[in-house]
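Read the structure below first, then the notes.
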Amino acid sequence: MRFLVISDIHGRDRVIDWANRVCTEIKADGILVLGDITQFGPSEWAGKFLERLNTPSYAIPGNCDPPEVIEWIEKKATSLHERKMKLAGRTVVGLGGSNPTIFHTPFEMQEEVIEEKLKGLMEEGAVLVTHTPPFGINDLVPSRRHVGSTAMKSIVERFKPKIVLSGHVHEASGIVRKEGALFMNPGAAKDARAGILELGEECEARLLENLADY
């Protein structure tokens, strides 16, 4: 299965048009939405966004999404938040929100809460779909600080997922291969960035940029 992977929309309507065009061009089977659909709300905008996507979407909320966004995801998409399901024969585990930030955003959790929620869902070799990245990978901000989740890092080390998809840190888009795992941060969709994930027996990923004029 081929997925368009987007994150950090932050309420930009223009993302809908280019996401639909890209999905048509690449013949996407689905869209993975990694959170921050809104910019602190309104929650119903998330529903309108997901409803206007022409390709089946699988979504989690981000730290800038009010908790009510979860309800709209459940109405208009397939929610991966605190869920485990099968896609393309692989187990996919999802968790939205983020570890604590200096901005005190609407959907943050303490590290021990993140770890506890994921421990009950994870299995070895799964695809992990989260908003916040694991500490040390795709999480470097301009001040040269790593802001990823230490709990997520612990989960990755323990369960050794095959793929880890995350957003959150706009400046840290990239693809990293480490210890047999593929880590991708597609960048911020509000800045016309996204990724493509090929999910099957073999898994591949690539980044897309400058999509506003796609």
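Among the residues making up region 58-77, those that are buried (at least 23 other Cβ atoms within 10 Å of the Cβ) and without any contact (Cβ under 8 Å) to a residue 60 or more places away in the chain are 59, 64, 65, 69, 72, 73, 77. Restricting region 86-145 to residues that are in contact with a Leu (Cβ under 7 Å, 6 or more places away or on another chain) and in a loop (DSSP other than H, G, I, E, B), the residue that is surrounded by the most Cβ atoms within 10 Å (Cβ to Cβ) is 131. Restricted to region 179-195, and to residues there that are within 13 Å of residue 163 (Cα to Cα) and either in contact with a helix residue (DSSP H, G or I) (Cβ under 6 Å, 6 or more places away or on another chain) or in a strand (DSSP E or B) (or both), the residue that is modelled with the lowest pLDDT is 181.
Scanning region 162-180 for residues that are more than 18 Å from residue 31 (Cα to Cα), touching a residue at least 40 places away in the same chain (Cβ under 8 Å) and touching a Leu at 6+ places or on another chain (Cβ under 9 Å) turns up just one, 162. When residue 201 is tested against the conditions (1) modelled with pLDDT of 95 or more; (2) not in a strand (DSSP E or B), the lone failure is (1).
Here region 162-190 is the region considered, the condition is being charged (D, E, K, R) and surrounded by fewer than 18 Cβ atoms within 10 Å (Cβ to Cβ), and the residue that is nearest to residue 140 (Cα to Cα) is 171.
The values are calculated or read from the model by the stated rules, or taken from the named source; none is laboratory data. Note that the structure is a prediction, hence the values are computed from the model and not measured. Virtual Cβ from ideal backbone geometry, glycine too; neighbours counted across all protein chains shown.
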